[in-house]
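Visitor: One structure is given below, represented as C-alpha coordinates, and several questions about it will come after.
The values are calculated or read from the model by the stated rules, or taken from the named source; none is laboratory data. Since the structure is predicted, the reported quantities are computational estimates derived from the model, not experimental observations. For accessibility, only protein heavy atoms count, side chains too; no ligands or nucleic acids. Shrake-Rupley method; radii C 1.70, N 1.55, O 1.52, S 1.80 Å.
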Amino acid sequence: MDVLIRPTAEVATTAADILAGYIRRGATLGLATGSTPTPTYRELIRRHAEEGLSFSGCRAFLLDEYYGLPRDHEQSYYATIRRDLTAHVDIDDALVASPDGTNPDFAAAAADYEERIAQAGGVDVQLLGVGTNGHVAFNEPGSSLASRTRLTTLHPQTVKDNARFFGSADDVPRHVLTQGLGTILEAGHLLLLATGHAKADAVQRLVEGPVSASCPASILQLHPNATVVVDEEAADDLDNAEYYRFIDDNALRG
Ligand code: GLP
(Lines give C-alpha, C1' and ligand atoms only; values in the text may rest on other atoms or scores of the structure.)
Protein backbone atom coordinates (compact mmCIF):
# COMPACT_ATOMS: atom_id res chain seq x y z
CA MET A 1 0.00 0.00 0.00
CA ASP A 2 1.08 3.58 -0.62
CA VAL A 3 1.35 5.61 2.58
CA LEU A 4 1.56 9.35 1.90
CA ILE A 5 2.33 11.62 4.87
CA ARG A 6 1.37 15.22 4.12
CA PRO A 7 0.89 18.54 5.92
CA THR A 8 -2.76 18.65 7.05
CA ALA A 9 -3.87 21.09 4.33
CA GLU A 10 -2.34 18.87 1.63
CA VAL A 11 -4.29 15.75 2.60
CA ALA A 12 -7.32 17.19 0.79
CA THR A 13 -5.41 18.36 -2.28
CA THR A 14 -3.57 15.04 -2.55
CA ALA A 15 -6.86 13.13 -2.32
CA ALA A 16 -8.51 15.52 -4.81
CA ASP A 17 -5.63 14.98 -7.27
CA ILE A 18 -6.19 11.22 -7.13
CA LEU A 19 -9.99 11.49 -7.35
CA ALA A 20 -9.90 14.03 -10.18
CA GLY A 21 -8.24 11.49 -12.46
CA TYR A 22 -11.21 9.16 -11.94
CA ILE A 23 -13.79 11.95 -12.17
CA ARG A 24 -12.48 13.07 -15.57
CA ARG A 25 -12.98 9.52 -16.80
CA GLY A 26 -16.62 9.44 -15.65
CA ALA A 27 -15.87 6.78 -13.05
CA THR A 28 -18.10 5.18 -10.46
CA LEU A 29 -17.12 6.87 -7.21
CA GLY A 30 -17.43 5.39 -3.75
CA LEU A 31 -18.10 8.26 -1.35
CA ALA A 32 -17.64 8.45 2.41
CA THR A 33 -19.21 10.69 5.01
CA GLY A 34 -17.75 11.82 8.33
CA SER A 35 -15.70 14.95 8.91
CA THR A 36 -12.43 13.73 7.37
CA PRO A 37 -13.37 13.90 3.68
CA THR A 38 -15.12 17.30 3.82
CA PRO A 39 -11.98 19.36 2.98
CA THR A 40 -11.46 17.03 0.00
CA TYR A 41 -15.06 17.62 -1.10
CA ARG A 42 -14.56 21.40 -0.74
CA GLU A 43 -11.48 21.14 -2.94
CA LEU A 44 -13.37 19.12 -5.58
CA ILE A 45 -16.21 21.67 -5.54
CA ARG A 46 -13.62 24.45 -6.01
CA ARG A 47 -12.05 22.63 -8.95
CA HIS A 48 -15.52 22.13 -10.45
CA ALA A 49 -16.36 25.84 -10.08
CA GLU A 50 -12.99 27.33 -10.98
CA GLU A 51 -11.23 24.77 -13.15
CA GLY A 52 -14.07 23.07 -14.99
CA LEU A 53 -13.69 19.66 -13.34
CA SER A 54 -16.84 17.91 -14.54
CA PHE A 55 -18.60 15.03 -12.80
CA SER A 56 -20.95 14.41 -15.73
CA GLY A 57 -20.68 10.74 -16.57
CA CYS A 58 -19.88 9.85 -12.96
CA ARG A 59 -22.14 7.98 -10.62
CA ALA A 60 -21.66 7.48 -6.90
CA PHE A 61 -22.38 5.00 -4.13
CA LEU A 62 -22.24 5.87 -0.45
CA LEU A 63 -20.68 3.47 2.01
CA ASP A 64 -23.37 3.41 4.64
CA GLU A 65 -26.51 4.91 6.17
CA TYR A 66 -28.15 5.19 9.57
CA TYR A 67 -31.07 2.79 9.82
CA GLY A 68 -34.42 4.38 10.54
CA LEU A 69 -33.47 8.00 9.82
CA PRO A 70 -35.66 9.60 7.19
CA ARG A 71 -33.74 10.77 4.15
CA ASP A 72 -34.57 14.39 4.87
CA HIS A 73 -33.06 14.18 8.37
CA GLU A 74 -30.04 16.48 8.25
CA GLN A 75 -27.76 13.76 9.65
CA SER A 76 -28.85 11.03 7.22
CA TYR A 77 -25.92 10.23 4.98
CA TYR A 78 -28.33 10.65 2.04
CA ALA A 79 -28.67 14.34 3.02
CA THR A 80 -25.06 14.74 4.19
CA ILE A 81 -23.39 13.79 0.92
CA ARG A 82 -25.69 16.11 -1.01
CA ARG A 83 -24.91 18.98 1.35
CA ASP A 84 -21.15 18.26 1.42
CA LEU A 85 -20.58 17.47 -2.26
CA THR A 86 -23.04 16.28 -4.82
CA ALA A 87 -25.49 19.22 -4.79
CA HIS A 88 -22.57 21.50 -5.68
CA VAL A 89 -21.23 19.64 -8.73
CA ASP A 90 -22.68 18.43 -12.02
CA ILE A 91 -23.45 14.83 -11.08
CA ASP A 92 -26.93 13.50 -11.83
CA ASP A 93 -28.66 13.31 -8.44
CA ALA A 94 -30.49 10.13 -9.47
CA LEU A 95 -27.07 8.48 -9.81
CA VAL A 96 -26.01 9.23 -6.22
CA ALA A 97 -27.06 6.09 -4.35
CA SER A 98 -27.09 5.16 -0.68
CA PRO A 99 -28.50 2.20 1.24
CA ASP A 100 -32.21 2.69 1.95
CA GLY A 101 -32.30 3.10 5.72
CA THR A 102 -36.06 3.60 5.62
CA ASN A 103 -36.94 0.16 4.22
CA PRO A 104 -38.49 -1.94 7.03
CA ASP A 105 -37.12 -5.01 5.21
CA PHE A 106 -33.47 -4.32 5.96
CA ALA A 107 -32.25 -7.56 4.37
CA ALA A 108 -33.96 -6.58 1.11
CA ALA A 109 -32.49 -3.07 1.33
CA ALA A 110 -29.00 -4.56 1.76
CA ALA A 111 -29.41 -7.05 -1.09
CA ASP A 112 -30.80 -4.34 -3.34
CA TYR A 113 -27.80 -2.12 -2.67
CA GLU A 114 -25.35 -4.90 -3.53
CA GLU A 115 -27.33 -5.48 -6.72
CA ARG A 116 -27.20 -1.81 -7.70
CA ILE A 117 -23.43 -1.67 -7.22
CA ALA A 118 -22.99 -4.85 -9.27
CA GLN A 119 -25.25 -3.54 -12.05
CA ALA A 120 -23.13 -0.38 -12.23
CA GLY A 121 -20.08 -2.56 -12.81
CA GLY A 122 -18.62 -1.98 -9.35
CA VAL A 123 -16.93 1.00 -7.72
CA ASP A 124 -13.78 2.33 -9.41
CA VAL A 125 -12.36 4.31 -6.50
CA GLN A 126 -13.58 4.10 -2.92
CA LEU A 127 -12.87 7.00 -0.55
CA LEU A 128 -12.63 5.87 3.09
CA GLY A 129 -12.17 7.39 6.52
CA VAL A 130 -11.37 5.38 9.62
CA GLY A 131 -13.00 5.35 13.02
CA THR A 132 -10.91 5.77 16.16
CA ASN A 133 -11.58 2.08 16.84
CA GLY A 134 -10.42 1.04 13.35
CA HIS A 135 -13.85 0.78 11.73
CA VAL A 136 -14.35 1.46 8.03
CA ALA A 137 -17.76 2.48 6.76
CA PHE A 138 -19.75 1.08 9.71
CA ASN A 139 -17.90 -2.23 9.90
CA GLU A 140 -17.10 -2.34 13.59
CA PRO A 141 -14.41 -4.54 15.21
CA GLY A 142 -15.41 -8.18 14.83
CA SER A 143 -16.88 -7.70 11.33
CA SER A 144 -16.17 -10.59 9.01
CA LEU A 145 -13.47 -9.77 6.49
CA ALA A 146 -15.83 -11.29 3.91
CA SER A 147 -18.93 -9.37 5.06
CA ARG A 148 -21.42 -7.90 2.57
CA THR A 149 -23.88 -5.03 2.85
CA ARG A 150 -26.03 -5.63 5.94
CA LEU A 151 -27.72 -4.22 9.00
CA THR A 152 -25.35 -3.94 11.93
CA THR A 153 -25.07 -2.32 15.35
CA LEU A 154 -22.79 0.60 16.19
CA HIS A 155 -20.02 0.20 18.75
CA PRO A 156 -20.48 2.41 21.85
CA GLN A 157 -17.26 4.21 20.86
CA THR A 158 -18.75 5.12 17.47
CA VAL A 159 -21.96 6.33 19.11
CA LYS A 160 -19.79 8.51 21.36
CA ASP A 161 -17.67 9.77 18.43
CA ASN A 162 -20.73 10.63 16.34
CA ALA A 163 -22.75 12.24 19.15
CA ARG A 164 -21.25 15.60 18.06
CA PHE A 165 -23.34 15.47 14.90
CA PHE A 166 -26.59 14.75 16.76
CA GLY A 167 -26.34 16.88 19.89
CA SER A 168 -26.33 13.89 22.24
CA ALA A 169 -25.35 10.22 22.21
CA ASP A 170 -28.98 9.26 22.89
CA ASP A 171 -30.00 10.70 19.52
CA VAL A 172 -27.48 8.64 17.51
CA PRO A 173 -29.25 5.71 15.81
CA ARG A 174 -27.90 2.38 17.08
CA HIS A 175 -28.39 0.50 13.82
CA VAL A 176 -26.96 1.13 10.39
CA LEU A 177 -26.82 -0.33 6.91
CA THR A 178 -23.23 -0.60 5.71
CA GLN A 179 -21.31 -2.01 2.80
CA GLY A 180 -19.38 -5.03 4.08
CA LEU A 181 -15.63 -5.43 4.12
CA GLY A 182 -15.92 -7.94 1.27
CA THR A 183 -17.96 -5.40 -0.70
CA ILE A 184 -15.43 -2.62 -0.12
CA LEU A 185 -12.54 -4.89 -1.13
CA GLU A 186 -14.08 -5.25 -4.60
CA ALA A 187 -13.55 -1.55 -5.43
CA GLY A 188 -10.77 -0.94 -7.93
CA HIS A 189 -8.80 1.47 -5.72
CA LEU A 190 -9.13 2.16 -1.99
CA LEU A 191 -8.22 5.67 -0.86
CA LEU A 192 -8.22 6.10 2.93
CA LEU A 193 -7.76 9.49 4.59
CA ALA A 194 -6.98 10.23 8.24
CA THR A 195 -6.11 13.46 10.01
CA GLY A 196 -5.36 14.34 13.63
CA HIS A 197 -3.74 12.55 16.53
CA ALA A 198 -7.00 10.85 17.56
CA LYS A 199 -6.58 8.62 14.48
CA ALA A 200 -2.89 7.76 15.08
CA ASP A 201 -3.52 4.43 16.81
CA ALA A 202 -6.06 3.30 14.19
CA VAL A 203 -3.67 4.31 11.38
CA GLN A 204 -0.80 2.37 12.94
CA ARG A 205 -2.97 -0.72 13.33
CA LEU A 206 -4.42 -0.55 9.83
CA VAL A 207 -1.07 -0.01 8.11
CA GLU A 208 1.30 -2.03 10.29
CA GLY A 209 -0.80 -4.29 12.47
CA PRO A 210 -2.00 -7.76 11.57
CA VAL A 211 -4.92 -8.11 9.16
CA SER A 212 -7.65 -8.70 11.67
CA ALA A 213 -11.36 -8.25 12.26
CA SER A 214 -10.26 -6.38 15.41
CA CYS A 215 -9.18 -3.56 13.09
CA PRO A 216 -11.54 -3.68 10.08
CA ALA A 217 -9.51 -1.02 8.22
CA SER A 218 -6.59 -3.49 8.09
CA ILE A 219 -8.37 -5.02 5.07
CA LEU A 220 -6.51 -2.39 3.04
CA GLN A 221 -3.48 -4.69 3.38
CA LEU A 222 -5.38 -7.28 1.32
CA HIS A 223 -6.05 -4.89 -1.55
CA PRO A 224 -3.57 -4.59 -4.45
CA ASN A 225 -4.31 -0.89 -5.02
CA ALA A 226 -4.65 0.94 -1.71
CA THR A 227 -3.51 4.48 -0.88
CA VAL A 228 -3.45 5.91 2.64
CA VAL A 229 -3.08 9.70 2.94
CA VAL A 230 -2.46 10.96 6.47
CA ASP A 231 -1.22 14.12 8.13
CA GLU A 232 1.77 14.24 10.50
CA GLU A 233 -0.46 13.88 13.58
CA ALA A 234 -2.25 10.81 12.27
CA ALA A 235 1.17 9.35 11.33
CA ASP A 236 2.46 9.81 14.90
CA ASP A 237 2.36 6.12 15.87
CA LEU A 238 3.69 4.62 12.61
CA ASP A 239 6.86 2.61 13.29
CA ASN A 240 8.00 2.94 9.67
CA ALA A 241 7.09 6.58 8.97
CA GLU A 242 10.64 7.36 7.79
CA TYR A 243 10.51 4.48 5.33
CA TYR A 244 7.15 5.61 3.93
CA ARG A 245 8.60 9.11 3.45
CA PHE A 246 11.66 7.62 1.73
CA ILE A 247 9.52 5.60 -0.69
CA ASP A 248 7.39 8.67 -1.35
CA ASP A 249 10.47 10.76 -2.20
CA ASN A 250 11.98 8.00 -4.25
CA ALA A 251 12.38 8.50 -7.99
CA LEU A 252 10.80 5.09 -8.58
CA ARG A 253 7.36 6.58 -7.94
CA GLY A 254 5.69 7.09 -11.30
C1 GLP B 1 -18.21 7.41 10.64
C2 GLP B 1 -18.44 6.84 9.22
C3 GLP B 1 -17.16 6.40 8.59
C4 GLP B 1 -16.12 7.44 8.91
C5 GLP B 1 -15.76 7.41 10.36
C6 GLP B 1 -14.81 8.50 10.81
O7 GLP B 1 -18.97 6.85 11.62
N8 GLP B 1 -19.43 5.81 9.07
O9 GLP B 1 -17.35 6.23 7.19
O10 GLP B 1 -14.94 7.17 8.17
O11 GLP B 1 -16.90 7.33 11.16
O12 GLP B 1 -15.45 9.73 10.88
P13 GLP B 1 -14.68 11.11 10.95
O14 GLP B 1 -14.07 11.31 9.60
O15 GLP B 1 -15.73 12.13 11.26
O16 GLP B 1 -13.64 10.99 12.01
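Visitor: Express the C-alpha Rg of the range 1-133 as a ratio against the empirical globular expectation 2.2 N^0.38 Å, rounded to two decimals.
Guide: 1.06
Visitor: Now, a different point. Would you give the gap between the C-alpha center of the range 112-148 and the C-alpha center of the range 54-97, rounded to a whole Å?
Guide: Going from one Cα centre to the other spans 16 Å.
Visitor: Could you give the C-alpha radius of gyration of the range 78-209 expressed as a fraction of 2.2 N^0.38 Å, taking N as the number of residues it contains?
Guide: The reported ratio for this selection is 1.08.
Visitor: Right, another one. Taking only protein heavy atoms and a 1.4 Å probe, what accessible area per residue, in Å², does the range 202-254 have with all protein chains in place?
Guide: Heavy-atom accessible area per residue stands at 50 Å².
Visitor: Show me, bin by bin at 10 Å from 0, the whole-percent P(r) of the chain based on Cα pairs.
Guide: That works out to 7, 33, 39, 19, 2, 0, in percent per bin.
Visitor: Along the three principal axes, how long is the range 153-228 when you take its alpha carbons, biggest first, rounded to the nearest angstrom?
Guide: 40, 28, 19
Visitor: Rounded to the nearest whole Å², what accessible area per residue is found for the range 80-149 with the 1.4 Å probe?
Guide: Computed with neighbouring chains in place, this is 39 Å² per residue.
Visitor: Using the 2.2 N^0.38 Å rule of thumb for compact globular proteins, work out how the range 55-138 stacks up: its C-alpha Rg over that value, please.
Guide: Cα-based Rg divided by the globular estimate yields 1.10.
Visitor: Sticking with this structure for a sec: As an exercise, take the mean of 1/r over every pair of distinct alpha carbons in the range 1-40, invert it, and state the Kirkwood radius in angstroms.
Guide: The Cα-based Kirkwood calculation yields 11.2 Å.
Visitor: If you don't mind, there's one more thing I want to ask. If you roll a 1.4 Å probe over the range 91-201 with all protein chains in place, what percent of the accessible area is carbon or sulfur?
Guide: Solvent-exposed carbon and sulfur of the range 91-201 make up 53 percent of the total.
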